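The values are calculated or read from the model by the stated rules, or taken from the named source; none is laboratory data. Predicted model only: the values in this text are computed from it and were never measured. Note that each Cβ is placed from the backbone with ideal geometry, even for glycine, and that neighbours are counted across all protein chains shown. What goes into the accessible areas is simple: the full protein's heavy atoms, side chains included, and nothing from ligands, DNA or RNA. Shrake-Rupley method; radii C 1.70, N 1.55, O 1.52, S 1.80 Å.
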Amino acid sequence: MEGAQTLLSNAGQLLSSEYQQLSGVGGQVVELRDELDVINALLIMQSEAEDEAVDRFLQVCMRQLGEVAYDAEDCIDLYTLRIRSRPTDGVRAWLGRLLGTLPSRRRLACEIRALRARTLAISERQARFGVNRDALRRSPPLLPAPMTVSAPANDADRRHRLVGIAEQADKLAARLKAPVGDEGERKAVFSIVGFGGLGKTTLAMEVCRRLEAEFPWQGMVSVSQAFEPSRDLKALLKDLLRQVMKPKTADDRGIKEEAAVGAIDDLDDNGLAKRLEELLVDKRYLMVIDDVWSVRAWEAIQSKLPENNKGSRIILTTRIETVANACSPASFSGLCIHKMEPLKLEDSKKLFVSRVFGSMDVAYPKEFEDVMSDILKKCGGLPLAIISIASVLVGYKSPGGKDKWDRVCKSLGSQMEIHPTLEGMKHIVTLSYNHLPHELKGCMMYFSIFPEDYVIRKGRLLNRWMAEGLVHQKRGLTMWEVAESYLDELLSRNMIEEAGHLGGYAWREQTYRVHDMLLEVMVSKSLEANFLSLHGGQYEGMLYDKIHRLSIHGNVESVDSVAKRNVEGRRGDDNLNIQHVRSLSMFQPHGQHKLLKMLGIFVLLRVLDLEDCEGVTNKHVRYACNLYLLRFLSLRATNISMVPRQIGNLEHLQTLDLADTLLTELPETITKLEKLEDIRFFKKDDYWETYWTMPQGINKMKALRVLYMVSLGNDSKVAQEVGELEELQELVLSIDINKAIDEEVLKELALSISKMHSLRWLNIGRHGSSDDGGKILNFLHHLPTPPRLLQTLWITGDIANGLPSWIGSLAHLVSFSTEDTTLTGDELFGVVCMLPNLKTLCVVWDCYRGDELAACTSYKFPVLRDLILGGYLPKVIWFEEGSMAMLEMLELRFDFRSSHVAERSIFGIEHLTNLKKVMLDCPGDYHALVDTVLEQMKAENDRRSRSNQFQIAVKYW
């Protein structure tokens, strides 16, 4: 569980000057804080201890302590609810509160004494049964037994293991044999990176086998996650020496020349390294350093490996991408890093069938087909998972065994804990989790809230982490930056995977998901620690005592009935208590969920996530506005059409997601949300035309980091106030051209944008149906200084004299998009062509007006990767030699208004030597629009060598 860290900060709030004035409370809170400090330390020790060190009894004790921590937080939050005050309260209000909260203070003192008594009882129970803290200490694991590169016992077993791996082995072996850049004959380090169970070690061993002739001197050692150079380096070097002394193949005379190693037992690290260098100074060797978990471990090993000029190679396997990047040459990382690929479904099936039925080609009962597909889907291409589950089912391959297959498929998570044949898979999956730093374990368990195969947006995930208190402060970083570092670390360790982007080029948001098998482990751990309670789907009917986080998958009548009994003050036989819920998430509920009518009972709720819930109404929003402690509220993709003024009462709210709803405006009380960091707003089916007009007082929302789909009215004060949002990083702002906007307002807006030093993402334009909007964005030319840290910029609307010149100074800009700007000549490419980090350029919808668009040789575009041109395309597009040399993707979006179809031509495509894909978009009834360009692309591909051809795709819409 995430421990008591967040509780300490809450207790600290009670010790602030405001609450110290409430006599009779402060001393009790000090004692509570001290108790929580100790509980937090014990929970961290449990989190970091080896699994084998924490027996069942100790796990129960730690869970009991965790429950004390949860109850302590509930105690503090309930007390905060009772005594809460406003900053404007005067002396009379303070005295009234002092007298009025006397019962609450007495109750708090009694509850704290009861909590401390519970911790004392747990401590005494541990002592009575002879348990002490030593059991929680991490013991240094022994270095695993040395691994050899010898071939498997039989060829059939090796072929089974190599299903889906052989093709990767061919590619990697070819890379190892080829020269790497201009390094000459020096050794190079190749990294194999991927999640545990994908077959990294198998691939490395097979590459070694295939390259025995080219690299006769081979060795393979395992590092382990607990590798400590001062303790383990000597043993590793000894094992490596013993292996490389014997060449794998004979020379051209048929003689194996075995090297003389001599006595090595008494040598230290430096002595062993010297002996290794003497042995291999004139030999072409290949070493595998398996399972490297840290850069520190690699640096210690690498410093002892010999250099020579024979083109030697080192293969390093790791689960952590940052380790791979650090270990392989940065300038050739694309060649020297091999990312493991999960098995394709066809290969997964071959491996599974071969393990269960003894052969890949054997005929098996067809009644297993459907359940086999479900099992393989859960395995996700992980060879070790496939082999483990197949081992369970090998005794149930007759037609009567299908029931067993169904049970294994449905209860895969529980079987991972109790069935011994699945222990290998569990170890692989949980090893990566157990190796996580303590602060990441709660974040990783958090994925168990979401359904299987669920795609999670980055903003949603990180904002929820912060609202739950799973992100801890770090000096010099914002909480969002810390949360991003957590996410990057989980990605680097292959615990989660990227699932693509949502939205277009200027609106993209990264999404993530968790492998099904890993999700099963996280659910198991979450339930064990009472981190989460799940209802619905496969979790229907599960019973819980005290619920802290409730995740509902589907329509769950049992939860509705329990909620009703809680409201009525009675309990049922299910012993389910939902009054302590601090996080409520609903996924795919059908119809009107009764639980939504009883949101008032969730007084401790911090997170309310109702995204995509079709039954949410305006009435439910009013209920939510009474949840004083709420930090995260998502009503995205619901059919709400109004937000009440009471939204301003949610003074702790940090995230408010109202995107893709029926809303057209927000109440002015929104400015009372001074802790709000992220607000997203746009109307369903009317994405570009409905904006929330910012009210006066927007400058009170100092914490704002994300401000989506807002409009600027004719109010110079608002234009000035928005510049006071110093934390703002993402801004989507539009000017309503249906309103007369004074020049003074636009001047203030220009000054405000110049003050946004933290801005990373700016989407600015105009909206409305008026034809009198003119060049309302001309004010962009007059920014005193642009936001220097901008990474994404989108401009929508006409500007006199082309794009602002300051765009060319945005050294951090990665993506630039523009539409309706009616540019000509050099006004487009001439401004942005030298930007050092520009990777995406999107020019669409009447942006360029001219017969010819030329990317001249002088337009370097040093790192441009994607170019999207659309709308009223010019008749001729030129690419001169030397321009856009790094371009990988070219997308042309043809507009039905285009004339002179036959004259549309692209010249110089042969100069785009790095091109990987050409995408042609056009209306479905206008196929002829792309015919000329399509023939040109085909002709260019025919001219190129097969290895340098690009993919051509045509999309009709």
How many angstrom separate the Cα center of segment 287-304 from the Cα center of segment 461-531?
28
Give the whole-number value, in cubic angstrom per residue, of the convex hull volume spanned by the C-alpha atoms of segment 630-754.
91
Value in Å of the Kirkwood radius, where segment 265-337 supplies the Cα pairs that are averaged:
13.4
Going highest first, how would you order 604-614, 843-853, 377-387 by mean Cβ packing within 10 Å?
377-387, 604-614, 843-853
In whole percent, the fraction of accessible protein surface over segment 722-801 that belongs to carbon or sulfur atoms, probe radius 1.4 Å, stands at 43
So what's the net charge close to Asn270: Lys and Arg +1, Asp and Glu -1, counting the other residues with Cβ under 12 Å from its Cβ?
+1
In square nanometres, what is the average projected area of the Cα convex hull of segment 731-792?
4.1
Report ³J(HN,Hα) in whole Hz for each residue of segment 673-683, in order, from the Karplus equation J = 6.51 cos²θ - 1.76 cosθ + 1.60 where θ = phi - 60°; Gly and Pro get x.
7, 6, 9, 5, 10, 9, 10, 10, 8, 6, 8
Segment 737-870: Cα Rg divided by the 2.2 N^0.38 Å rule of thumb
1.04
Taking Cα centroids, how far is segment 704-782 from segment 646-689 in Å?
18
So what is log10(I(q)/I(0)) for segment 619-660 at q = 0.15 1/Å, when the Debye sum runs over its Cα atoms only?
-0.31
Filter the cross-link list Lys171/Lys283; Lys200/Lys283; Lys171/Lys274; Lys171/Lys916; Lys546/Lys594 down to pairs whose alpha-carbon distance in this structure exceeds 30 Å.
Lys171/Lys274
Cα pair count fraction exceeding 18 Å, expressed as % - segment 602-692:
37
